[in-house]
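Peer 1: Dropping the structure in here first, questions after.
Rule-based calculations on the coordinates, nothing more; no lab input. Keep in mind that this is a model prediction, so the values were computed, not measured. Here the Cβ positions follow ideal geometry from the backbone for every residue, glycine too, while neighbour counts run over all protein chains shown.
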Amino acid sequence: MSKAQRILIVDDEPDIRELLEITLSRMDLQTTSAENYQSALEVLQKQEFDLCLTDLKLPDGDGIDLVRYIQTLHYPLPVAVFTAHGNTDTAITAMKAGAYDFVSKPVNLEQLRALVQSALEVKAISSDTKQKQVPSFVGESPTTKRLLNQIRKLSQSQAPIYISGESGSGKEVVARSIHYQGPKAGGPFIPVNCGAIPAELMESEFFGHKKGAFTGAHRDKTGLFQAADGGTLFLDEVADLPLDMQVKLLRAIQEKAIRPIGEQREVPINVRILSATHKNLQAEVESGRFRSDLYYRINVIEIPVPTLRDRKEDIEPLCQFFIERIAKNFGGVTPVLSKDAMKSLKSYHFPGNVRELENILERAFTLCENSVIVEDDLFLNTDKNSSFATKLTHSTHRLGNESLDAYLIEIEKEIILEALDKNRWNKTAAAEQLGISFRSLRYRLKKLGLEDD
C-alpha cells in the first residue's frame, strides 16, 4: 500500500483550515495545519511534505516569505498561495518568488482539487524527465546551458512565462520543452499563432461557441482553451492580438474560466499559459498597442531566447542533429559536412537563426554528391547560382506580405519547372541543367508536390 501524500495547510482562519482539511481528506490525502508563519516553519523543520497551501497574509509574517523559505529546503516542495480575489499583483509576486500557483479567495473547491492533483504530480514528473524524450535546445555553449537550466527550473512552476527572441530562434522549442518537463506533460500542448486568426473569428477560436450562437454556427465548437485543458496553451505572436481580444484573454487567465459564445455559464479551465513574440512587447505596451495589465499577467517570468549569432559554438552540434534528422526523414545515407562548409557556416551571420540553418542544410542534403556537403551546396551566397540569383532579383517586387519561406518555395518551383519544360520533362536532363543529382531532383519534386504518380 502506497504512503499517503502529506499536505501542509497554513492559514490563520479556523474555518478555512477546516474546509481544506475536509476537502483534502476526501482525496485520501493527509493534512497538517499551521495557524501562522512561525508554526509553519517549526513544522517544516520536523517533517517533509508533498505540497504546501498557504495564505498570503499571516498574523506574524508573509506567505511570500514562506515561499522563499521553502525554496531553500533540501527537497522540492510545491507551494500554492491563497490571495484575495482579483489581487493579481500579489499573485504574480508570489509566483516570481517560486510559488507553483495561486488560489483566489473565496476558494473554488473544484479548481482547488485540480490544482492539488496537478501539483502533486510535480515530483513524479521530475523523476521521470530523464527517461523521457523531450524537445530541447541542442548545444553545449554556456548560453545554451544557462537556458536549459532555466527551462528545467521553470517547468515545475505554473507561472505564466513570456518567451522573447528573434524569429527562428527556437521559441516554440522552449515552450514545448517547458511543457514536457512539467506536471502537465501528460496533457495536450496546443500552439496557436495569434497573428494568423482573423479578428472576426478570434473569440470563437479561443473560447468556442454553441450551436446557433450566430449565423453559420451549425454545431458546437470546442475552443483552444478547452482543447488545451489539462495542458499548455502556447500563444505565439501574442503581440498581434487586437485590443478587444486582449481584454477577454486577460479575464480568462485571471478567472481560470471561459464562456463559449452562446453559453450561459462559465466553464472552468486548467491551462498553463506560455506566450511569445519576436516583437518588443514592452514597446508595444508603451505605444498603446498592447494592454499593460495583460503584459504583466503573461510576463510573470521572461525567458529570452538567444540568437544563433550569440551561440555560434552550437552550430556544429546543431548541424549534426539536423543532418541526421533530415536523412532519417527522407531516407538515404547521412552526409558529412566538409571543413570548408563548416567554416562558412560558422562565419555566416544567420539572420533567420536556427530555422534558417535547418533550411540551408535541408537544401544542401538534396544537392550534395557522394554524401559530402561542400561549401557550394550551402548557397550562403546566392551569386554562386546565377539562375537562382536572377530569379530572386527579378521577383522581389512580388514578395509583399508573403513569408520568406513561401516566397522562396515559389521561386524554386519556377526554376525547376522551367528546367523541366526546356528539357521536355526529361528529369535526367533537367537535373543536369540545374547542376543537381537525379535523386535530388526527385526529392525536390516530391516535396514541392510536382512529382507525377
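Peer 1: For the chain, take the longest principal axis of its alpha carbons; what is the angle in degrees between that and the long axis of helix 404-422, to the nearest 10 within 0 to 90?
Peer 2: Once rounded, the angle reads 30 degrees.
Peer 1: Using a 10 Å cut-off on Cβ atoms, rank the peptides 311-317, 113-119 from the highest mean neighbour count down.
Peer 2: Output ranking for 311-317, 113-119: 113-119, 311-317.
Peer 1: Right, here's the next one. Test of the criteria: in the stretch 165-246, which trypsin sites (Lys or Arg not before Pro) are in a DSSP loop and have at most 11 other Cβ atoms within 10 angstrom of their Cβ?
Peer 2: K211, R219
Peer 1: With no solvent and one equal point scatterer placed on each C-alpha of the stretch 212-287, evaluate the Debye formula and give log10 I(q)/I(0) for q = 0.25 Å⁻¹, two decimals.
Peer 2: -1.26
Peer 1: OK, next. Check L58: other-chain or 5+ apart residues with amide H under 5 Å from its amide H, H built from backbone geometry?
Peer 2: Here the answer is G63, since their amide H atoms fall under 5 Å of that of L58.
Peer 1: Now for a different question. Projected onto the charge dipole of the stretch 288-334 (+1 at Lys/Arg Cβ, -1 at Asp/Glu Cβ, origin at the Cα centre), which of F290, T334, P317 gives the Cα projection farthest towards the positive end?
Peer 2: F290
Peer 1: While we're here: Output the 0 to 90 degree angle, nearest 10, between the alpha-carbon long axis of helix 386-395 and the longest principal axis computed from the alpha carbons of the chain.
Peer 2: 60
Peer 1: Right, here's the next one. Could you order peptides 56-62, 353-359 by the average number of other Cβ atoms within 10 Å of their residues, highest first?
Peer 2: 353-359, 56-62
Peer 1: In degrees between 0 and 90, to the nearest 10, how far off the longest principal axis of the chain does helix 37-46 point, with axes built from Cα atoms?
Peer 2: 70
Peer 1: Tell me the mean residue ellipticity at 222 nm calculated for the chain from its helices only (DSSP H runs of n ≥ 4, each -39500 (n - 2.57), averaged over every residue, nearest 500).
Peer 2: Computed mean residue ellipticity for the chain: -13500 deg cm²/dmol.
Peer 1: Can you run the Rg to Rh ratio on the chain? Use alpha carbon positions and the Kirkwood inverse-distance Rh.
Peer 2: 1.06
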